[in-house]
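Encoded as structure tokens, the structure appears first; notes follow it.
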Amino acid sequence: MPELRQNIITGDWVVIAPERAKRPNDYVTADTVKRQAKADCVFCEDKSEYSKRTKRYDQKHIWLISNKYPVFLEKHEKSPPRSYKVEDDFYRARAAVGGHDVVVIKDHNLDLPDFSKEIWKELLETFKARYIHFRDHCAVEYTMPIYNHGPEAGASIEHPHAQIFASNVIPNIISREVHNSQQYFEKNGKCVFCELIEHEKKFKTRILYEDKDIIAFTFYAARFPFEVWILPKTHGSQFEKESDSQYSSLANALIDVLGKIASTLNDPPLNIFFHNSPNSIGQSDFYHWHIEIAPRITGYGGYEMGSEMIIDVFSPEKAAKFLKDRGRQ
């Protein structure tokens, strides 16, 4: 029977409808064929117009530059811009300022599942530096690193790269996470994310990875088949305040989880996004930074778009078992 499940963090409902699912093996994606040659790549250092611009960071494996077509224009401000009214004061608007970075992995032929621990540590340390930069110099409300892997996940350029978005508003889903986790804390006196970790450790069925610092599991109220969340086991609301050893453990977890997904589903398109405490809140007892991984192996139909209630046709419990069983082969 289909089952409604509520996201304990946002309060959103999803439908888990396993009778509509295909067999697990049917979610294995076809082999990816790269179509963008290195000779024509805009991100390769020796011929890229990006490489001619000032690099903000240039490390052994990665380099970073502002996006040529930014969603949020970087400006050094002491306070966020004010909203203003338009069209006879009917609508509200605000200048889209903040920042938009591209973090380029230098090796054109390297795929996400093959990133080394050294590459992941460089990426995580760069994310940390840009969190601090945008908070201290651009007066942004929110910064979110993301990685789009594959064209179905929004990667228009095949060369491996991450992006960092910094906005002067708090994204809608983060507002829901913050609101509901604060309410949970006020009612129960505990962080809902910390409670979530303890619950998953107790039931074990959805856990994919665990060490002394990090835990990863398929999410109970998943919006996508094989959706995975990665969290630090010790409470922390701000990613940028974690220790080097924590980043090292996180790199290990990302390598393990992405390896399981790639080997099981044949390197499917996916999105990775980091959720952090908004800058106007900062350190808190009720919010917990985390990473969400969303394989893009199914699409949304009219009901999902019209209702914002997602139908997931593959249960998170079966997804975890499939990833663990196939990952051992």
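Tabulated results
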item	result
Unmatched cysteines, the chain - criterion: no other Cβ of a Cys under 4.7 angstrom	Cys138
Among Tyr147, Leu4, Val178 - extreme Cα towards positive end, dipole of the chain, charges at beta-carbon	Tyr147
Ratio Rg/Rh, restricted to the stretch 273-328 and using Cα atoms, in which Rh is the Kirkwood radius	1.10
Accessible area of the chain belonging to carbon and sulfur atoms, whole % at 1.4 Å probe	50 percent
Two-decimal Rg/Rh across the stretch 95-137, once Rg and the Kirkwood Rh are taken from alpha-carbon atoms	1.08
Only Lys, Arg (+1) and Asp, Glu (-1) charged, at Cβ; the stretch 51-199 dipole about Cα centre in debye	580 debye
Choice from Phe115, Phe90, Phe224 showing the highest fluctuation, given a GNM over the chain with Cα pairs closer than 10 Å	Phe90
Size of electric dipole in the stretch 124-253: Cβ of Lys, Arg +1 and of Asp, Glu -1, about Cα centre, debye, nearest 20	380 debye
Mean accessible surface per residue for the stretch 101-187, computed with a 1.4 Å probe while every protein chain stays in place, in Å²	39 Å²
Whole-number Å³ per residue for the convex hull built on Cα positions in the chain	162 Å³
Per residue accessible area in Å² of the stretch 190-329, where ligands, DNA and RNA are left out and the probe is 1.4 Å	37 Å²
Largest-first principal axis extents, alpha carbons of the stretch 130-278, Å	43, 43, 31
Semi-axis lengths (Å, descending) of the ellipsoid that matches the C-alpha gyration tensor of the stretch 205-318	26, 19, 12
5 Å-binned pair-distance histogram of the stretch 237-290 (Cα, whole percent)	4, 16, 20, 19, 17, 12, 8, 3, 0
Net lengthening on full extension, Arg82/Ser307 (0.36 nm per residue, minus Cα-Cα)	77.9 nm
Among Ala162, Ala95, Ala262: highest mean-square fluctuation, GNM of the chain, C-alpha pairs under 10 Å	Ala95
Other-chain or far-sequence residues with amide H under 5 Å of Leu208's (modelled H)	Ala216, Phe217, Thr218
Lys/Arg +1, Asp/Glu -1 at C-beta; the stretch 233-329 dipole; positive extreme among Ile255, Gly306, Phe286	Ile255
Theoretical ellipticity at 222 nm over the chain - DSSP helices of four or more residues, -39500 (n - 2.57) apiece, nearest 500	-9000 deg cm²/dmol
Span per principal axis, largest first, for the Cα atoms of the stretch 101-202 (Å)	50, 39, 27
Within the chain, longest stretch free of exposed GluC sites (Glu not before Pro) [DSSP loop, at most 13 other beta carbons within 10 Å]	88-307
Among Tyr303, Tyr247, Tyr184, residue whose mean-square fluctuation peaks in a GNM of the chain (springs only between Cα atoms under 10 Å)	Tyr303
Convex hull projection area averaged over all views, the stretch 40-168, Cα basis, nm²	9.4 nm²
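The values are calculated or read from the model by the stated rules, or taken from the named source; none is laboratory data. The model shown is predicted, which means the values in this text are computed figures rather than measured ones. Here the Cβ is made from the backbone with ideal geometry for all residues, glycine too, and neighbour counts use every protein chain on show. Calculation scope for accessible area: heavy atoms of the full protein, side chains included, ligands and nucleic acids excluded. Shrake-Rupley method; radii C 1.70, N 1.55, O 1.52, S 1.80 Å.
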